[in-house]
Amino acid sequence: MSQQTTLAVVLPKFAQFVQQLPTVDDLANCDEETLHRLWAGLGYYARARNLKKGAEFIVNRLNGRFPQSYREWLQIPGCGDYTAAAIASICLNEKVPCIDGNVIRVVSRLLALQDVWNTAGRSRIQDYLTQVIPSDRPGDFNQAMMELGATICRKTKPRCDICPLQMQCLAYANNCIEICPPKKPRRVLVDTELFVLIFWHRQTDTLAIGERTDGFLAKTIGFPLTIAHQLSKLDRWQPLQLPGKFTHAIAHHRITGRICVIQLNSNDIDISMRQHLALSKTLHWMNRLDLSAKLLTALDRKAFQLFQNYTYSDSICEQLALNL
Ligand code: SF4
């Protein structure tokens with residue numbers, strides 16, 4: 001949970017999560033909606049899905065037995081190097097280094113290494129830590145390194161005056177802390193225009209949401225999404241694009257979101273439209289009040305807010321009515 005999310009946000013969510021899903025069986029068997037509700041606000045839903053996939057693997061493939069080594073943990077779906085190393089060293093006392101951004105910074109400074117953001121640099125750090133990690137308390141060592149990076153060997157204004165590693169630190173000795181490590185190359189952001197489709201049954205004032213089976217936010221429940229050049233395929237349903245837009249970020253996509261309303265006279269959504277939009281069979285039609293509690297992703301909430309603003313304005317209602 002605390003990857004990419006601050007501890008202040010994580011702690012109450014974690015307490016709630018383990019209270020409602022206290023065992024690996026509970027997590028493996030919980031429904032998507034519960035999982036999303038418990039994860040709401042933490043972002044990066046793929047992590048929640050991976051957590052559940054991992055629990056399913058342990059329950060169904062390993063008969064509920066937890067892996068007993070770093071290598072075994074790596075077999076668990078969604079469990080990468082960092083998580084496997086953290087569990088293996090802290091819970092299983094295995095001598096395997098745990099490398100996060102803080103640890104990379106500390107080692108970069110200790111060895112006055114600048115070349116740390118590529119595979120060779122990463123291997124150098126891994127080799128160094130493998131040599132120095134102690135056999136008796138590898139978990140404590142890993143936590144100490146991470147903590148040192150977070151609190152003393154900070155990105156800016158490191159506290160070298162109280163650092164226990166000052167005597168060994170080459171960057172300190174050579175006065176090159178500022179460039180160790182150099183700034184991480186920025187990921188190039190891709191600008192993407194995304195259309196949020198709101199199916200609106202005007203007579204009952206209900207809206208449809210369903211599980212998105214593909215594309216952006218796949219496997220989450222919300223409004224169907226489509227990209228600009230596929231929008232024309234929906235022409236025969238006369239989508240009405242509302243004015244206004246919102247911005248959002250998903251992974252390396254910088255998204256501009258727009259709303260298209262499609263009015264329907266029944267709760268049936270054409271099978272071809274459903275296929276085109278990669279929507280699951282089950283759609284939930286809800287009134288606005290119920291819906292606002294069901295929208296779990298920030299993107300859906302922003303889209304819904306925009307829809308609310310416009311459908312409460314008379315002129316848009318008239319336009320939508322003409323569209324029928
Ligand atoms: S001496 Fe300074 S730069 Fe070196 S490890 Fe300690 S805090 Fe980091």
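The values are calculated or read from the model by the stated rules, or taken from the named source; none is laboratory data. These numbers come from a predicted model, not from an experiment. We place every Cβ from the backbone using ideal geometry, glycine too, and count neighbours over all the protein chains shown. These area figures cover heavy atoms from the full protein model, side chains too; ligands, DNA and RNA do not enter into them. Shrake-Rupley method; radii C 1.70, N 1.55, O 1.52, S 1.80 Å.
Quick notes on this structure:
- Flag if Tyr172 is among the hydroxyl-bearing types (Ser, Thr, Tyr), within 13 Å of the ligand (Cβ to nearest atom) and in a helix (DSSP H, G or I): yes
- Candidate set: the range 148-169, residues that are closer than 17 Å to Gly101 by Cα, surrounded by 15 or more Cβ atoms within 10 Å (Cβ to Cβ) and not small (Gly, Ala, Ser); chosen: the one farthest from the ligand (Cβ to nearest atom): Leu148
- Asp136 open to solvent by 100 Å² or more (accessible area, probe 1.4 Å), more than 16 Å from the ligand (Cβ to nearest atom) and acidic (Asp, Glu): yes
- When Gly244 is tested against (1) closer than 20 Å to Thr311 by Cα; (2) part of a strand (DSSP E or B), just one condition goes unmet, and that condition is (2).
- Hits in the range 1-37 - residues which are touching a residue at least 40 places away in the same chain (Cβ under 8 Å) and either closer than 20 Å to Ala298 by Cα or surrounded by fewer than 16 Cβ atoms within 10 Å (Cβ to Cβ) (or both): Met1, Gln3, Gln4, Glu32, Glu33, His36, Arg37
- Subset of the range 270-296 (residues that are in a helix (DSSP H, G or I), among the aliphatic types (A, V, I, L, M) and under 21 Å from Gln203 (Cα atoms)): Leu289, Leu291
- Just one of the numbered conditions (1) under 16 Å from Ala144 (Cα atoms); (2) among the aromatic types (Phe, Trp, Tyr); (3) crowded, with 20+ Cβ neighbours inside 10 Å is not true of Tyr82: (3).
- Residues in the range 210-242 that are polar (S, T, N, Q) and open to solvent by less than 30 Å² (accessible area, probe 1.4 Å): Thr220, Thr226.
- Residue list for the range 178-192, filter: farther than 24 Å from Thr297 by Cβ, touching a Phe, Trp or Tyr at 6+ places or on another chain (Cβ under 9 Å) and surrounded by 15 or more Cβ atoms within 10 Å (Cβ to Cβ): Pro181
- Residue list for the range 193-209, filter: over 21 Å from Asp235 (Cα atoms) and open to solvent by less than 60 Å² (accessible area, probe 1.4 Å): Asp205, Thr206
- Within the range 250-282, the set of residues being under 24 Å from the mean Cα position of the chain (by Cα) and in contact (Cβ under 8 Å) with a residue 60 or more places away in the chain comprises His252, His253, Arg254, Ile255, Thr256, Gly257, Arg258, Ile259, Leu277, Ala278, Leu279, Ser280.
- Flag if Thr213 is away from the ligand (no atom under 11 Å from the Cβ), within 30 Å of Ile250 (Cβ to Cβ), hydroxyl-bearing (Ser, Thr, Tyr) and at pLDDT below 90: yes
- The single condition among (1) within 21 Å of Glu211 (Cβ to Cβ); (2) touching an Asp or Glu at 6+ places or on another chain (Cβ under 9 Å); (3) of a type outside the set (A, V, I, L, M, F, W, C) that Gly54 does not satisfy is (2).
- Total residues in the range 58-110, condition within 16 Å of the ligand (Cβ to nearest atom), without any contact (Cβ under 8 Å) to a residue 60 or more places away in the chain and aliphatic (A, V, I, L, M): 4
- Residue among Gln275, Gln263 that is over 24 Å from Val190 (Cα atoms) and open to solvent by less than 60 Å² (accessible area, probe 1.4 Å): Gln263
- Scanning the range 246-260 for residues that are surrounded by fewer than 16 Cβ atoms within 10 Å (Cβ to Cβ) and either at pLDDT 85 or above or among the polar types (S, T, N, Q) (or both) yields Thr247, Ala249, His252, His253, Arg254, Thr256.
- Where a residue in the range 127-143 is in contact (Cβ under 8 Å) with a residue 24 or more places away in the chain and its partner, wherever it lies, is part of a helix (DSSP H, G or I), with Cβ under 6 Å and at least six apart: Ile133/Phe141; Pro134/Phe141; Pro138/Ser89; Gly139/Ser89; Gly139/Ile90; Asn142/Ser89
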